[in-house]
Structures are given as C-alpha cells and as structure tokens.
Amino acid sequence: MAARRRREPAVTSAFWFLTERSIRNRVAHQIKSLKRPRYALAMLFGFFYIYSVYLRPGGRANRPALGDDAAVIAAVLVLVMIAAWWVFGGDRSALAFSPAEVQFLFPAPVTRGDLIRFKLLRAQPQVLVSVLIGVVLFKRGASSPTPAALQIIAYWVIISTLHMHRLGASLVRANTGQHGVAGAKRTIAAWAVVGGAMTAVIATLVIALPRLQAALANGDFIQMIASVLRQPVSGAVLTPVLWLLAPLFAIDSAAWLSAIWPALVLLVLHYFWVVRTHAAFEDAAVEASAKRADRLATMRARRMGAPLSTNAKAAAKESRERPARTWIPLSPTGHPAVAILWKNIVSIAREVRRSTLLLLIAGTLTIYVALSKVQEGTDLRPGSYLLIGMAGFLAVIGPMWIRNDFRTDLTKLELLRGYPLDPRALVVAEIASSTLLLTGLQLTLVLIAFVVTNVTKGPALFNLSFATQLAALAGLVVLTPLLNAVSLTIQNAVALLFPAWVKLGAVGGGIEAIGQTMMVTVASVLLLALAWLLPVIVAGLTILLLWTTYGAMSLVPAITLAVIGVAAEVWLMVQWLATVFARTESIAE
C-alpha cells in the first residue's frame, strides 16, 4: 500500500508534465506559423469573424433570460446526444491515444485506471476551449444575472461530465463487443437504462402529439412541449440531465450555489464509473489508436502528394479487398471522364456515415411532422417551406460543403496528370461531380415538398395554382444546376489558381481555418455576383423592351438569354481552367 502511494504522485507528475509540454509546444508551433502571410491573414479574418459575431458588445440588454422551459428542451437535446453515443458510437475515438502515448505509456508500470485518468487529463484543454465558446455563446444569446466565473464553472462541470459519459459508453461498447455474452451480461444494466429512458421520452411525445400540433397553431409550442416532458415518466428520465444543466440556467448566484452540488455529484459518479469500468481497455484503446494514426497518416500523405506508409497501404488494401456494394454501376468501357465523375460521386457516399445520415433524416422528418398542422384538414405547407428553405440554404453553403472535385483531387495532382484524359474533359468531370450531387440534393428536397403538399387536400404551396407550381419546378430544374455550376466553377478556379490559400483535402479546424474559409467565401461571392451581373442586366433590358407588348410572356426570352449568357461564361471558364491545369506542375504545401 505504501509503494502504491509513492507511485501515484510520480505517475501524476509525469502525466502533468506530458500535458503541459504538449500544450506549450502546440502554442509555440502556432505562433511560429504566424510568420507566413497567408496563415497570419487567415488568423486575422478568423478573429474578426469571432469578434463580430460573438464578442461584439451591445445588443444583449433586451434579450430575456432563459427559463425552465428552455432547460427542459436542452435536457432533451442532451439526452438525444447521449443516446447517439450509445447507439451509433461504433468508432472508439474517445479511447484513442497517439502513437507515442501507446508506445511509451502502455508498457509503463501504470494501471488501466492511470491510463484512463491520463486520458481525462489530456482532454481538459479541449474541454476548456469548449467552455469558453459556450460561455460566449450563452452570454451572447441571453442575459444572465450570474457572474461569468460561475458560468464557466457550470460549463466545465457539464462538458467534463458529458465527456466522461462518452468515454464510459465507449468502454461499455468495447466490453460488449470483445467479451460477447459475458460482456453483454455485465453491461445489460447500462443498455437497459439508456433504452428505457429514450423509450419513455419518445412515447410521451407520441401520445401528446395532437396537443403539440394544436399548441403550434396557437403559438405556445415551446411551453406545451416543456409541460408534456415534465409528466411523471419523462420527468423522471430527464431529472438527472436537469440536475446537470441546472447551474447553467440559474437565475442568480444563490440559485447557482444550490444547483451546483447535484451536478458535482454527477461529475464524481461519472469519474468513478469510468475509472472502474471492467472492460478490455488496452485492446480497445490500441485498436482505436492504430486506426486514428493510420487515418491521420493517410490524410497527410494525400495532402502532400506523398506515398502512403506501410500501415496505410495495408489499411487501403484491406478496404479494397473488403466487398463493398456500389449503388452506381460503372461500365468497364467508356469515356475516361465518366470514371472521374463516378469516383467523385461515390466517394461522398462512402465518406458519409450511415448513423449521421439516419440522424439527419430522422431530425428533418421530426421537424416536418411537428410543423404540420392537423386542424380541419391537413396543412403541410410549414414543413414543405422548411424543405424549400433547406434547398435554398444549400445553394449558399453547399459549394463550400461539397468538395468532391479539385479541392480534394489536387492533392493527387501527379496521378491526375497521368490519366489519358484531355484537360477540358477532366475539368468538366471535376466540376460536374459536385454540381450533380448538390443539385440532386436541392431538387430532391423541393420535389418532396411539391409532391407531399399536392397529394393532400390542404392549401397549395405559396397559394399558387398547380400549373404555376409546376412551371416554377421546371424553372428550378433548369436554373439550379446552372447556379451551382457557376459557384462550383469559381470554387475550383480558386483552388487551381491559389492552392496555398485553399484547404485541400480534409477540412481542418481552428481559428485559422475559419479565417481561411471566410476569405475564400467572400472572394467567391464577389466573383459569383460579377458572373451574374451581365446576364441579369441583359434579362432586365429584355423585360423592359418587351413588357409593354407581351406582358408576363417577356420573362421567357429574358430568362433564356440569361441562361445562355451564364452557360457561355461557364464554358469559357472551363476552357481557361483546362489551360491552367495543363500548366500546373506541382501543388506545394
């Protein structure tokens, strides 16, 4: 026992040294990077964005403080996030260590509990950053009489507890997966608690759905859903989460002081649960660490255009040998550009996790049903307007989000130049791959809204006749791919002309990444406005000349001329980008 007491301070000191040295080296590296102009400019843009959106003083005096109803809604969202960790937490990123940590710490004379404590300690810098972001957003979004220091403590308790819960869920899943029936018997209580909690909340909401729809029509939806969730069964399920969130929603310092103790108790209980969880921690952690290391090495190699490492090659070979179903068949013969187009479209489907897609679809359907009113007939317009709004939002953010084009493939420039493919065909294939995917998403959302609204007997979309809606839909089928093609051509042109200023490959994080994205976005919006300026002027002049004689029919030649003009601009830009690509020799980091 005495030897154990002597060993624990030494282990703790070593862990503190590793954590402090890692933070210091990371900060020194970022400061050193400021010598590069593009990095420094990106940091300035990132700080300006954060200040202007979140830190700018003023505008908060008239914002009401969040009350008990908001706390209940927040508790439900936290419970959904926890359930996602248990149900879809197939990746064990919470258990992953760096290769150096695996090599030096795992053979060291430390226990499994020591390794878990080290993992919790190394997560504290990220937790503190999340705490600061949360305090800024919360203070910006609503007034609160509690001091900022108390808000910081509340956020730290919440985020630390949730982090430990995620780590504990990963340990339980690892135990269940590696020990089969025996592991399932040891973890059945945890699974039963999570499953029962989610079932109780979902059943309560389903039973109260008519009241919620009526409340939506009356404008008191938030109050009604909070009242429903306070019912005995769902209220008992949400009580621990409400204890955890209570300090954040305290109305004053005295209320915060009485609310912080239950949250601290939950924090301590989570700590002992995680440390004492009986699971094959070493095996699961080594496996997760190896996968993360291979993933990072592959990303760096692709970004630099370097050959893959031995482990990365083995992982790539294993993924190629593993049978995979492709939902788009590729003919063994045909134009090579079609293969590039196929590769880029299929790559998106392989990168998107099924759990993410299912959660996105389920969330959208839930909001759609919640917005739909069932009173004296069915009115599905609010949900349909949501889908149309999502399609419009994708027109703005989609070109930055969908990157299966030159912004990904330029990291493999030598491979692209080796293809027996004309540069113009290659440019067309790269731009078309993102354009088709983005256009498909937008038109699918609009088509669902159109069909669902018109098959019911409720009011029509925007109170327009069916013929007018059909004409608008046909116009969107023509204009949407053209608009996306212009936006994505500009994005690819920026990547080809200024590769050092664009994040090629996987998109990173950090303030500099935010600033870099802002710079590219501002430049792209200006170029997009210039591209549409002349066609819009021509269309406007056509309407002015023909409106007196032909009325609304003058829109047809005006839109036709605008489409022809924009299509001609895209064609000229493609020809120019093909010349630029042919002259490009290498992509430097």
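Between segment 224-261 and segment 434-455, what is the C-alpha centre distance in whole Å?
With segment 224-261 and segment 434-455 each reduced to a Cα centre, they are spaced 40 Å.
Just to verify a number: FRET efficiency for Ala552 and Leu479, C-beta to C-beta distance, R0 = 22 Å, to 0.05? Present the calculation step by step, with values, prior to reporting the outcome.
Working: r = 17 Å, r/R0 = 0.79.
Between Ala552 and Leu479 the formula returns 0.80.
Bear in mind that the values in this text are calculations on the coordinates, not laboratory data. Every value quoted in this text rests on a predicted model; they were computed, and no experiment measured them. All Cβ positions, even for glycine, are placed from backbone atoms using ideal geometry, and neighbour counts span all protein chains on display.
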